[in-house]
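Everything on this sheet refers to the single structure shown next.
Read the figures in this text as sums done on the coordinates, not as results from a lab. Quantities reported herein were computed from a predicted structural model and do not represent experimental measurements. A quick note on method: Cβ atoms are made from the backbone with ideal geometry, for glycine too, and the neighbour counts reach across all protein chains shown.
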Amino acid sequence: MEPTSRLAICPGSFDPLTLGHVDIIGRAARQFDRVVVAVLHNTGKAPLFTVPERLEFIRATFEDNPRVEADAFSGLLVDYARRRGAAAIVRGIRAVSDFEYEFQMALMNRRLAPEVETVFLTPAEEYSYVSSRLIKEITALSGDVSGLVPDPVARRLAEKFPAAPEAATEG
Ligand code: PNS
């Protein structure tokens, strides 16, 4: 990387990547020279998708955007950000309800690494209600999430949760 180029980390679970994430990552890539979408190896949660699957979704979605890279990390986010020489951590804020948690995390990360700034971006309104948790819940119950997740994610969700035959859905 050029010494003057500015790198941002977009950290998260991305289980799975949604079009809300894609919107925020795209906005970050217009503000920074490079964006690393950093998938947390979270041993505490039982994810739907493995880390390699989640990385593959990100790579497939941003294959035409040379500014965007996918990587996995474990441990403290600020340690990873320092290793990567990041200027900023980018987080999306969808609604006021996100703010308290994000604000607390940003201040704690600043205490741990004052040189790494947290930048909040807001997604397009049409994605302001989209979350990975709801995507998983709706798909598991045979609901339609088209237009809310990238195509590679939609295909894998359809494989994981084949729609139940109509005759078998009601008593
Ligand atoms: O998509 P998520 O689950 O909201 O992302 C949360 C994430 C990965 C940004 C957060 O859990 C995190 O940074 N974890 C790494 C461990 C860490 O640094 N914890 C201290 C945060 S102040």
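Contact map, the stretch 116-129: residues that are free of Cβ contacts under 8 Å to residues at least 40 places away in the same chain paired with residues that are part of a helix (DSSP H, G or I) and of a type in the set (Val, Ile, Thr), Cβ distance under 9 Å, separation 6+ or inter-chain. Pairs shown: Val116/Val78; Thr122/Ile24. Here Ala106 clears all of (1) within 16 Å of the ligand (Cβ to nearest atom); (2) in contact with an Asp or Glu (Cβ under 7 Å, 6 or more places away or on another chain) except the condition numbered (2). Quick check: anything in the stretch 91-103 within 13 Å of the ligand (Cβ to nearest atom), touching a residue at least 40 places away in the same chain (Cβ under 8 Å) and outside any loop (DSSP other than H, G, I, E, B)? Checked against the condition, which is being within 13 Å of the ligand (Cβ to nearest atom), touching a residue at least 40 places away in the same chain (Cβ under 8 Å) and outside any loop (DSSP other than H, G, I, E, B), the stretch 91-103 yields at least one hit. Applying the set (1) outside any helix (DSSP H, G or I); (2) closer than 18 Å to Ile93 by Cβ; (3) not hydroxyl-bearing (Ser, Thr, Tyr) to Ala46 leaves exactly one unmet item: (2).
Given the structure, is Ala8 outside any loop (DSSP other than H, G, I, E, B), within 16 Å of the ligand (Cβ to nearest atom), in contact (Cβ under 8 Å) with a residue 60 or more places away in the chain and in contact with a Cys (Cβ under 7 Å, 6 or more places away or on another chain)?
Values: outside any loop (DSSP other than H, G, I, E, B): yes; within 16 Å of the ligand (Cβ to nearest atom): yes; in contact (Cβ under 8 Å) with a residue 60 or more places away in the chain: yes; in contact with a Cys (Cβ under 7 Å, 6 or more places away or on another chain): no.
Considered against the rule, which asks whether it is outside any loop (DSSP other than H, G, I, E, B), within 16 Å of the ligand (Cβ to nearest atom), in contact (Cβ under 8 Å) with a residue 60 or more places away in the chain and in contact with a Cys (Cβ under 7 Å, 6 or more places away or on another chain), Ala8 comes out as no.
The single condition among (1) surrounded by fewer than 16 Cβ atoms within 10 Å (Cβ to Cβ); (2) within 11 Å of the ligand (Cβ to nearest atom) that Ala81 does not satisfy is (1).
Of the residues that sit in the stretch 23-42 and are closer than 12 Å to Phe62 by Cα and within 14 Å of the ligand (Cβ to nearest atom), which one is surrounded by the most Cβ atoms within 10 Å (Cβ to Cβ)? So that I can check it myself, show each step before the final result.
Our first condition is that a residue be closer than 12 Å to Phe62 by Cα; within the stretch 23-42, this holds for 23, 25-26, 29, 35-37.
Subset that is within 14 Å of the ligand (Cβ to nearest atom): 25, 36-37.
Details: Ile25: 27, Val36: 23, Val37: 30.
Among those residues, the one meeting the criterion is Val37.
If the condition is being over 13 Å from Gly26 (Cα atoms) and without any contact (Cβ under 8 Å) to a residue 12 or more places away in the chain, then the stretch 60-76 contributes only Gly75.
The rows are residues; the columns are (1) among the acidic types (Asp, Glu); (2) under 20 Å from Leu121 (Cβ atoms).
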site: Ile25; (1), (2): no, yes
site: Ala29; (1), (2): no, yes
site: Glu53; (1), (2): yes, no
site: Glu56; (1), (2): yes, no
site: Arg59; (1), (2): no, no
site: Arg82; (1), (2): no, no
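Hydrophobic (A, V, I, L, M, F, W, C), touching a His at 6+ places or on another chain (Cβ under 6 Å) and within 15 Å of the ligand (Cβ to nearest atom): does that describe Ala72? Full working, then the answer.
On the way: hydrophobic (A, V, I, L, M, F, W, C): yes; touching a His at 6+ places or on another chain (Cβ under 6 Å): yes; within 15 Å of the ligand (Cβ to nearest atom): yes.
Yes, satisfied.
Within the stretch 32-54, residues that are closer than 21 Å to Leu134 by Cα reach partners that are among the aromatic types (Phe, Trp, Tyr) and assigned to a loop (DSSP other than H, G, I, E, B) with beta carbons closer than 6 Å, at six or more positions or on different chains, in the pairs Val39/Phe14; Arg54/Phe14.
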